[in-house]
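> Structure provided below as structure tokens; questions to follow.
The values are calculated or read from the model by the stated rules, or taken from the named source; none is laboratory data. Bear in mind the structure is a predicted one, so any value in this text is a computation, not a measurement. Here the Cβ is made from the backbone with ideal geometry for all residues, glycine too, and neighbour counts use every protein chain on show.
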Amino acid sequence: MAKFRGIRGMRDLLPAETRFWREMEGQVQQQLHNFGYQEIRLPILESTELFVRSAGVATDLVNKEMYTFADRNGDSMTLRPEGTAGCLRAAIEHGLVANRISRLWYTGSMFRYERPQKGRYRQFSQIGVEAIGDSGPDLDLELLELSWRIWQALGITDLVTLEINSLGTAASRQEYCGALVDYLNQHKSELDPISRQRLSLNPLRILDSKVPATQAVLEDAPIILDFLDEDSGNHFAALCRLLEGLDIPFVVNPRIVRGLDYYTKTAFEWVSDHLGSQNAVCAGGRYDALSGLLGGPAVPAAGFAIGMDRLALILRSLNEEGYLETTQADVYLLALGEALRPQLLQLAARLRVAMPDKRIVCHLGQSKIKTAMKQADRSGAMVALLLGEDELAAGAVALKPLRGQFAQRLVPLDKLEEQVRAVLDQVGLVID
Ligand code: HAM
């Protein structure tokens, strides 16, 4: 019979990677906590209309990438392709947007039907941050500083670059779009076919094109920063000054337009050379009009999301060995004979109570002692405890250090916890 395989673009993260992921997520979450952000847990399914209205009808996200289906009631549902819309929906629904700044973060899987490649998956993980309730550049700065501190904590500030832009208001963007389309129409024959299609559908996306011929045309294209309304221009200038004040390096990239229509004013991406063509590890910006679009009060907001799969790729490029961590146990217990298993389980239980910070694993199943010892070694444990008839008769258990230079010894059962701890400490010292 044919074996089942995972769905294309949806990865299994195996135990060798998950420990690393937990650590990475822990580091990010620590910084979020330090900046006063609180976790919000959101559903994975939302009504399709939420994403259509927020991301925009003309976007690739809505037109090509959503996992949408009718539920049993016939209502159109979508697996969330991103977290901002759901987070703002929840904040409005539960009154978190009134007269205060809500600092929220969330994590989990997002789903987009894109062509899978390195760093691009159909199910991927984000940690997203949304700060709702302030319109000033101070809040943009706070978010950029927060992301910078995250890179600092992870030791990757040298591997990422901040690119920022301003998209202005809907009105100034429309004016810019007009000028861009006029210019591109003059060079239509030089554009790639997809960009030509976008000319009428979503011309701003042409700025993202990676096709060299189109890029050459874009060299002399008008830039959005020249079309900003006064307020957006001042906001952007103030943000640049604030970033300089904190010594956070950045470059202005007037081609950043983002794939979602809800942005106003600030838009940014953290990009890295360590990622291949999908080079944004984190992206976000301001979306002052979104709450109103979703039927909420007119509250300004800004946020970003880190692509955790891409962050893992960057960290892995730094430390391949540390990334794939396979140890499973600190102490591995084996019974020499099935009949001794109940006593073995009792010893394991005693150790778990006595040393809750250590990983205690019992060998289960019926294997030969040689195979069992191999598994003990592979578990990464520092110490194996062997219980046989002879040991039991002597009221003891054999302790065999698996790491470091210690001889096997017999440990009296009434001194079990004390002696195992002593050996773990010693082996730990030698290893360090
Ligand atoms: P986004 O740029 O669509 O923005 O996604 C943010 C990040 O998620 C990207 O920079 C990338 O690292 C990661 N990402 C996106 N698509 C994929 C994929 N197919 N596979 C792997 N990683 C991916 C948003 O989602 C906005 N909600 C961000 C935001 C929050 N803006 C304001 N607040």
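> Inside the range 81-90, can you point out the residues that are within 12 Å of the ligand (Cβ to nearest atom) and assigned to a helix (DSSP H, G or I)?
84, 85, 86, 87, 88
> Right, residue 114: of a type in the set (Asp, Glu), surrounded by fewer than 20 Cβ atoms within 10 Å (Cβ to Cβ) and farther than 19 Å from residue 287 by Cα or not?
Considered against the rule, which asks whether it is of a type in the set (Asp, Glu), surrounded by fewer than 20 Cβ atoms within 10 Å (Cβ to Cβ) and farther than 19 Å from residue 287 by Cα, residue 114 comes out as yes.
> Collect the residues in the range 115-130 that are part of a strand (DSSP E or B) and either more than 9 Å from the ligand (Cβ to nearest atom) or farther than 22 Å from residue 104 by Cβ (or both), keeping them in residue-number order.
117, 120, 123, 127
> Across the range 180-232, what is the number of residues that are outside any helix (DSSP H, G or I) and surrounded by 12 or more Cβ atoms within 10 Å (Cβ to Cβ)?
11
> Condition check: closer than 30 Å to residue 272 by Cα and under 41 Å from the mean Cα position of the chain (by Cα). Does residue 364 satisfy that?
no
> Follow-up question, since we're still on this one. Answer with yes or no whether residue 19 is under 30 Å from residue 359 (Cα atoms), out of contact with any helix residue (DSSP H, G or I) (no Cβ under 8 Å at 6 or more places or on another chain) and modelled with pLDDT under 95.
In short, yes.
> Let me ask another. Out of 50, 61, I need the residue that is surrounded by 13 or more Cβ atoms within 10 Å (Cβ to Cβ), assigned to a helix (DSSP H, G or I), in contact (Cβ under 8 Å) with a residue 24 or more places away in the chain and in contact with an Asp or Glu (Cβ under 8 Å, 6 or more places away or on another chain). Which one?
Residue meeting the stated conditions: 61.
> Scanning the range 324-358 for residues that are surrounded by 15 or more Cβ atoms within 10 Å (Cβ to Cβ) and small (Gly, Ala, Ser), which turns out farthest from residue 21 (Cα to Cα)?
Only one residue tops the list, namely 335.
> Being modelled with pLDDT under 95 and either within 15 Å of the ligand (Cβ to nearest atom) or not charged (D, E, K, R) (or both) is true for just one of 169, 161. Which residue is that?
Of 169, 161, the one residue that is modelled with pLDDT under 95 and either within 15 Å of the ligand (Cβ to nearest atom) or not charged (D, E, K, R) (or both) is 169.
> Right, something else. Between residues in the range 220-245 that are touching a residue at least 40 places away in the same chain (Cβ under 8 Å) and under 30 Å from residue 190 (Cβ atoms) and residues that are of a type in the set (Phe, Trp, Tyr) and not in a helix (DSSP H, G or I), which pairs lie under 7 Å by C-beta distance while being six or more apart or on different chains?
If the second residue must be of a type in the set (Phe, Trp, Tyr) and not in a helix (DSSP H, G or I), no pairs are left.
> Would you mind stating whether residue 96 is touching a helix residue (DSSP H, G or I) at 6+ places or on another chain (Cβ under 8 Å), outside any loop (DSSP other than H, G, I, E, B) and within 16 Å of the ligand (Cβ to nearest atom)?
No; evaluated as a whole, the condition is false for this residue.
> Moving to a separate point now. Specify the residue that is farthest from the ligand (Cβ to nearest atom); the eligible residues are those in the range 57-68 that are out of contact with any helix residue (DSSP H, G or I) (no Cβ under 9 Å at 6 or more places or on another chain) and at pLDDT 95 or above.
My answer is 67.
> Quick check on this structure: which one of 316, 310, 286 is within 16 Å of the ligand (Cβ to nearest atom) and in contact with a Gly (Cβ under 6 Å, 6 or more places away or on another chain)?
Being within 16 Å of the ligand (Cβ to nearest atom) and in contact with a Gly (Cβ under 6 Å, 6 or more places away or on another chain) holds for just one of 316, 310, 286, which is 310.
> Counting just the residues of the range 319-339 that are modelled with pLDDT under 90 and hydroxyl-bearing (Ser, Thr, Tyr), which one comes out farthest from residue 388 (Cα to Cα)?
Taking the candidates together, the pick is 323.
> Has the range 245-256 got at least one residue that is within 11 Å of the ligand (Cβ to nearest atom), surrounded by 17 or more Cβ atoms within 10 Å (Cβ to Cβ), under 24 Å from the mean Cα position of the chain (by Cα) and not β-branched (Val, Ile, Thr)?
no
> Evaluate the following for residue 361: is it among the β-branched types (Val, Ile, Thr), within 26 Å of residue 13 (Cβ to Cβ) and crowded, with 16+ Cβ neighbours inside 10 Å?
Yes: the conditions hold for residue 361.
> When the range 216-241 is examined, which residues are found to be among the β-branched types (Val, Ile, Thr) and within 32 Å of the chain's Cα centre (by Cα)?
223, 224
> Restricting attention to the range 258-277, and to residues there that are within 7 Å of the ligand (Cβ to nearest atom) and part of a loop (DSSP other than H, G, I, E, B), which single residue is surrounded by the most Cβ atoms within 10 Å (Cβ to Cβ)?
Here the answer is 260.
> Further question on the same structure: Six or more apart or on different chains, Cβ under 9 Å: which pairs go from a residue in the range 71-88 that's closer than 29 Å to residue 104 by Cα and of a type in the set (S, T, N, Q) to one that's more than 10 Å from the ligand (Cβ to nearest atom) and in a loop (DSSP other than H, G, I, E, B)? Could you list them?
78/66
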